């Protein structure tokens, strides 16, 4: 997964093993003239094996949103979303969980910006004939 906004690129690597097998990582690159340099590797503070951190990825200005759709905080593969905010050259994070999350939701498999809101997909939630759910998270991202 790759996201681009202006002079910044975020690239995901779900199979990175920094915090255990397939824990995942995201990299933020910034352009300095004609050269791109890696500004920071992003990891979940609570990352674990098989989280698939960076399965979902979105970038807008000083905000990177990273989905870890196999995170197990709300049950096996319930998922989580991490919001990283750039402060200078560093990125600060906070984790979001679905309030009604449960096993198999894979919350955060897809993430995107919709105006001033964050949208996170949860394709595992749904019953017969349903195709999942989308969360609109208001107030979770900084102003552009």
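The values are calculated or read from the model by the stated rules, or taken from the named source; none is laboratory data. Predicted model, so just to flag it, every value in this text is computed and none were measured. Ideal geometry is used to build each Cβ from the backbone, glycine not excepted, and the neighbour counts take in all protein chains shown.
Here is how the numbers come out for the structure above:
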read-out	value
Residue 46, sole failed condition from (1) touching a residue at least 40 places away in the same chain (Cβ under 8 Å); (2) surrounded by 18 or more Cβ atoms within 10 Å (Cβ to Cβ); (3) closer than 17 Å to residue 14 by Cα	(2)
Candidate set from region 99-144 (those that are within 19 Å of residue 69 (Cβ to Cβ), at pLDDT below 85 and loosely packed, with under 12 Cβ neighbours inside 10 Å); member that is farthest from the chain's Cα centre (by Cα)	130
Which listed residue, of 76, 86, is outside any strand (DSSP E or B) and surrounded by fewer than 22 Cβ atoms within 10 Å (Cβ to Cβ)	76
Pairs, first without any contact (Cβ under 8 Å) to a residue 40 or more places away in the chain in region 25-38, second part of a loop (DSSP other than H, G, I, E, B), C-beta under 7 Å, six or more apart	25/16; 25/43; 30/7; 31/7
Top-ranked residue of region 89-98 - restricted to ones that are at pLDDT below 90 and in a strand (DSSP E or B), ranked as nearest to the chain's Cα centre (by Cα)	91
